[in-house]
Amino acid sequence: MNEIRPIKSECDTLAAMTAIERKLLWLSAWMIHNANHLRPNRDGMKVGGHQASCASVTSIMTALYFDILRPQDRVAVKPHAGPVLHAINYLLGRQTVEKMAGLRQFGGAQAYPSRAKDGTEIDFSTGSVGLGVALTSFASMMQDYVRAHGMVDQASPRARHIAIAGDAELDEGNIYEALLEGWKHDVRDVWWVVDYNRQSLDSVMPDRLFGRFEGLFKDMGWRVVQLKYGKKLEAAFARPGGSSLRGWIDECPNSTYSALTFQGGAAWRQAILADMAKSRGVRAIIDPLSDAELGSLMTNLAGHDLEALTEAFRAATKSDQPTCFLAYTIKGMGLPFAGHKDNHAGMMTVDQMSEFRTQMNVRPGHEWERWEGMAQPQALQRFVAGVPFATPLTPHGRRMDAATIPVPKTLPQPKFTGRRMSTQAGFGEILSEIGRGQGESAAMSKRIVTMSPDVAVSTNLGPWINRRGVFDRHTRDDVFRDGKLASAQRWGTNPSGQHIELGIAEQNLFLLLGAAGMSHDLNGARLLPVGTVYDPFVNRGHDALFYACYQDARFLLVGTPSGITLAPEGGQHQSTNTPLLAIVQDRLASYEPAYCDELAILLRHAFDWMQRPEGSAVWLRLSTQILTQPSRNLDKAHVIAGAHWVVPPAPGTKIVIAYQGAVAGEAEQAFAQLQEEEPGAGLLAITSPDRLYAGWREAQRARRLGDGSATSHIEQILAPLARDAAIVSVLDGHPAAHAWLGGVRGQIVMALGPDHFGQSGDVADLYAEYEIDAAAILDACADALLRS
Ligand SMILES: Cc1ncc(C[n+]2csc(CCOP(=O)(O)OP(=O)(O)O)c2C)c(N)n1
Ligand SMILES: [Mg+2]
């Protein structure tokens with residue numbers, strides 16, 4: 001920890017930053033202490049917080065926020081340093097005492113930084129470690145994209161995208177997937193500052209790891225800046241005998257170093273003398289020092305040395321090369337449990353906090369005051385007001401404004417009626433038509449950016465890509481085209497291309513969709529991002545999808561092909577759980593059209609919905625199932641609300657068949673037979689169990705809150721049915737997606753759908769085996785009629 005010195009003048013940056021660093025340490029520790037010890041605890045549950053993790057990174061964050069950052073820079077802060085970020089914003093006048101006092105409480109500051117819940121000062125939410133770090137790289141790629149496309153003022157300064165990462169985050173595989181992808185796209189303007197305390201949650205890390213990190217980053221084109229020793233230790237190393245001391249610390253195992261840090265000066269002395277008592281130079285360095293001074297010298301790591309940190313950061317600002325700073329730190333630095341391996345969730349006792357308060361010169365009852373206990377409060381205030389990051393990015397915080405992109409009433413599309421085709425093919429054709437960039441869709445076509453993890457062609461993005469090109473900061477030729485070798489695809493890249501081709505790692509797709517889906521906030525340039533992925537492999541990137549939705553990123557996800565309809569491909573490629581994921585995922589409206597006319601309505605809705613303040617991201621689950629496209633007039637509002645009657649039921653009917661997606665043909669076939677016996681039966685097309693369920697919940701809540709007239713689409717749809725009617729439902733996905741329909745009006749539901757792993761076969765065999773063919777639907781109808 002840096003010694004507090006008086007601020008001699010406003011130019012004495014180091015003295016001011018030292019005082020701020022102490023204040024941040026105090027405020028973050030106090031916030032957590034208050035949450036755990038001073039607030040009434042109604043349920044006896046642990047509240048928690050990470051005082052040691054905050055202490056570890058306080059110096060790094062001080063150097064960044066109070067010296068290096070410019071207003072346009074974007075930062076992902078390691079989740080468990082949330083309180084430090086809240087405290088920084090408080091000093092900058094952008095956070096309230098009420099919120100901080102409510103840390104981890106309902107309505108208070110969130111445990112981990114949250115864009116949605118903490119408001120506009122948070123650039124990136126973090127929580128699931130590793131994802132926030134990687135997101136900075138993708139956000140930087142998107143900055144390059146919008147600049148290359150002339151969507152932002154070229155004279156505006158480029159943002160640097162900075163992740164302040166815990167060292168355990170480097171264990172997450174998604175980091176390395178992102179590094180590779182970043183290398184391919186020649187990413188720049190990214191810093192990852194690693195709080196290298198060599199501790200995670202459970203333990204101290206192996207010593208040999210550091211060398212691996214350095215090599216990995218360098219291989220990916222990054223610069224690695226090792227920030228190991230602070231200025232005091234470097235000065236000691238420069239003295240006679242200093243090199244022995246350096247060698248000794250270099251060789252000191254992480255766990256021993258941590259333990260000695262915890263034990264303090266006397267233990268350091270004993271350990272050093274045990275190895276180097278005869279070294280005159282070493283003795284000349286350590287003998288004159290008190291135990292406290294020796295402890296402070298031996299723990300003078302660069303990650304806690306503001307001078308070393310600011311020097312290194314300032315030097316790095318001259319280049320746009322991605323840079324990883326490995327900043328050696330001590331977990332819990334400056335607090336009583338510094339260095340102890342069990343300190344991750346460690347909490348200071350009431351007595352320890354009281355002692356800390358005394359050291360901080362803070363009067364009881366004044367713990368939250370910004371400048372309480374500071375020697376030169378006015379000079380400090382002036383300093384804080386004058387740092388570059390104190391200038392607001394916009395008059396209303398760190399979110400930029402971006403106009404919405406007009407979406408035509410109807411998307412340009414080919415004629416579908418009478419053709420035999422799949423929704424996946426329909427998607428490709430509509431996007432290709434938009435890609436012409438003509439008429440009312442011209443503006444929209446410029447803002448669409450597609451992306452896919454190595455499945456662009458097989459998800460039918462090919463024609464769009466041929467029209468709009470592949471994006472890269474650098475123009476690269478298409479060797480096949482130039483060599484006049486026949487190929488349906490044009491894969492040359494240039495800065496005006498509108499497709500971003502990713503490697504196969506699905507987490508990267510969702511991180512890029514997340515970054516692109518925040519471009520209106522981050523860059524002031526609204527995009528309409530469209531990502532395609534094989535539906536089963538949504539599972540592979542699911543945490544990153546959840547993460548993108550949690551940030552309220554706006555994008556269209558197209559999952560195709562889906563279900564066991566992908567017959568010969570077998571179980572690993574057949575998604576059965578995704579309809580359920582679609583229902584439970586917040587801030588993601590999910591649909592599964594059966595026919596291309598529904599698809600066209602939903603695709604248009606998606607481009608509109610993702611731009612609305614009350615809207616969300618959208619997921620379309622499509623199929624390669626070939627169906628003859630009908631000629632009909634659809635009620636658009638019903639398609640969007642989640643269900644429409646293909647054949648409306650007679651009032652009081654006892655039975656309906658409800659289908660979703662690819663199995664429409666089976667349902668129609670079964671329905672034709674059912675009608676012979678039950679002429680009043682209805683045939684319902686479900687386009688979104690997700691929207692139906694959400695609407696039903698909303699209406700229930702509204703009624704509870706007193707709006708007696710509130711109703712939902714599914715309640716209205718099912719209203720004509722007899723009270724004891726049966727609904728036989730079918731989808732190429734887990735039947736639980738429909739099972740809840742019986743709860744709406746207390747009717748019987750016989751839900752059909754594959755509930756075991758898929759396997760190879762043809763569609764007929766598999767539909768029969770998993771009981772979603774016409775015969776199985778009729779059997780279920782017979783069963784249902786017997787019961788009702
Ligand atoms: C994906 C994920 N797994 C597990 C956790 C629980 N967790 C939170 S912090 C942490 C250890 C973090 O260690 P490190 O990144 O080194 O941070 P620091 O030492 O600075 O606290 C763990 C396991 C999490 N937040 N996210
Ligand atoms: Mg750590």
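Out of segment 328-409, which trypsin sites (Lys or Arg not before Pro) are coil in DSSP terms and have no more than 12 other C-beta atoms within 10 Å?
Lys409
What do you get for trypsin sites (Lys or Arg not before Pro) in segment 17-97 restricted to DSSP loop and a cutoff of at most 11 other Cβ within 10 Å of the site's Cβ?
Arg42, Lys46
What net charge is computed for the residues neighbouring Pro568, neighbours being all others with C-beta under 13 Å from the C-beta of Pro568, Lys and Arg scored +1, Asp and Glu -1?
Around Pro568, the surrounding residues sum to -3.
Give me the angle, in degrees from 0 to 90, between the Cα long axis of helix 596-609 and the longest principal axis of the Cα atoms of the chain, rounded to the nearest 10.
For 596-609 against the chain, the angle is about 30 degrees.
Any idea what the relative contact order of segment 106-154 is, in percent, if you count C-alpha pairs under 8 Å spaced at least 6 apart?
So the answer I get is 19 percent.
Please state the charge dipole magnitude for segment 657-703, taken about the Cα centre, from unit charges on C-beta atoms (+1 on K and R, -1 on D and E), reported in debye and rounded to the nearest 20.
About 540 debye.
So which lysines pass the test for Lys278, namely a Cα distance under 27 Å, with those fewer than 8 places away in the same chain ruled out?
Qualifying lysines at Cα under 27 Å: Lys228, Lys231, Lys232.
I need to check one value: relative contact order of the chain, counting alpha carbon pairs closer than 8 Å and at least 6 residues apart, in percent.
11
Counting only heavy atoms of the protein chains, get the accessible area per residue of segment 524-585 (1.4 Å probe) and round it to a whole Å² value.
Dividing the accessible area of segment 524-585 by its residue count gives 27 Å².
At 7 Å along the Cα-to-beta-carbon direction for both Ala722 and Asp543, put a label point, then send me their distance in nm to one decimal.
With each label placed 7 Å out from Cα toward Cβ, I get 5.2 nm.
Please list, in chain and number order, the residues 5+ apart from Ser125 or on another chain whose amide H is under 5 Å from its amide H, with Hs placed from the backbone.
Arg115
Starting from 0.36 nm per residue, how many nanometres of slack lie between Ala672 and Phe106 once their C-alpha separation is accounted for?
Full extension of this stretch gives 198.4 nm more.
Mind checking which of Ala600, Ala55, Trp371 is farthest towards the positive end of the chain's charge dipole, using Cβ charges of +1 (Lys, Arg) and -1 (Asp, Glu) about the Cα centre?
Trp371
Only Cα pairs under 8 Å and at least 6 apart count here; give the relative contact order of segment 172-329 as a rounded whole percent.
About 44 percent, as a whole number.
From the backbone phi of segment 692-698, what are the Karplus-calculated ³J(HN,Hα) couplings (6.51 cos²θ - 1.76 cosθ + 1.60, θ = phi - 60°) in whole Hz, Gly and Pro given as x?
4, 5, 4, x, 5, 4, 4
When the convex hull of the Cα atoms of the chain is projected onto a plane and the area is averaged over all directions, what value comes out in nm²?
So the mean shadow area of the Cα hull is 38.7 nm².
Test of understanding: given the chain, find the longest segment containing no GluC sites (Glu not before Pro) that are in a DSSP loop and have at most 15 other Cβ atoms within 10 Å.
For GluC sites (Glu not before Pro) (loop position, at most 15 other Cβ atoms within 10 Å), the longest site-free span of the chain is 11-368.
Looking at segment 169-269, which trypsin sites (Lys or Arg not before Pro) are in a loop (DSSP not H, G, I, E or B) and have at most 14 other Cβ atoms within 10 Å?
Arg208
With the cut-off at 15 Å, report for segment 75-145 the share of all Cα pairs above it, as a whole percent.
Roughly 52 percent, rounded to a whole number.
Spin-label point model (7 Å from Cα, Cβ direction): what's the Val97 to Val457 distance in nm?
6.5
Using each residue's phi in segment 97-111, evaluate 6.51 cos²θ - 1.76 cosθ + 1.60 at θ = phi - 60° and report the 3J(HN,Hα) Karplus result to the nearest Hz, with x for Gly and Pro.
With coefficients 6.51, -1.76 and 1.60, one gets 4, 4, 5, 5, 5, x, 3, 6, 10, 4, x, x, 4, 6, 4 Hz.
Summarise the accessible area of segment 548-596 (1.4 Å probe, protein heavy atoms) by the percent that is carbon and sulfur.
Carbon and sulfur together cover 50 percent of it.
Positive end of the dipole of the chain, charges at C-beta (+1 Lys, Arg; -1 Asp, Glu), about the Cα centre: which of Leu622, Pro720, Gly428 has its Cα farthest in that direction?
Gly428
For a quick check: with amide H placed at 1.01 Å from N, whose amide H comes under 5 Å from Val449's, ignoring anything fewer than 5 positions away on the same chain?
Residues meeting the criterion, in which the H sits 1.01 Å from N, are Leu528, Val530.
Taking θ = phi - 60°, what integer Hz values does the Karplus form 6.51 cos²θ - 1.76 cosθ + 1.60 yield along segment 376-384, in sequence order, with x for Gly and Pro?
Along segment 376-384, the couplings run 10, x, 5, 4, 5, 4, 5, 4, 4 Hz.
Relative to the longest principal axis of the C-alpha atoms of the chain, give the angle of the C-alpha long axis of helix 254-263, reported between 0 and 90° and rounded to the nearest 10°.
Roughly 60 degrees, rounded to the nearest 10.
Assigning unit charges at the beta carbon (Lys, Arg +1; Asp, Glu -1) and nothing else, what dipole magnitude in debye, to the nearest 20, does the chain show about its Cα centre?
I would put it at about 2480 debye.
Along the charge dipole of segment 460-600, which of Gln574, Gln585, Leu485 sits closest to the positive end, that is, farthest toward it, with unit charges on the beta carbon of Lys, Arg, Asp and Glu (+1, +1, -1, -1)?
In segment 460-600, that residue is Leu485.
Mind pulling the angle between the C-alpha long axis of helix 423-435 and the longest principal axis of the chain? Nearest 10 degrees, somewhere in 0 to 90.
70
What residues qualify as long-range amide H neighbours of Val190, i.e. H under 5 Å apart, gap of 5 or more or another chain, H built at 1.01 Å from N?
His161, Thr323
Just to be sure I understand the model, the point goes 7 Å from the Cα along the line to the Cβ. What's the resulting Thr391 to Leu38 distance in nm?
Output for this residue pair reads 3.6 nm.
The values are calculated or read from the model by the stated rules, or taken from the named source; none is laboratory data. Everything numeric here is computed off the predicted structure, so don't read it as measured data. Note that each Cβ is placed from the backbone with ideal geometry, even for glycine, and that neighbours are counted across all protein chains shown. Accessible surface areas use protein heavy atoms only, side chains included; no ligands, DNA or RNA. Shrake-Rupley method; radii C 1.70, N 1.55, O 1.52, S 1.80 Å.
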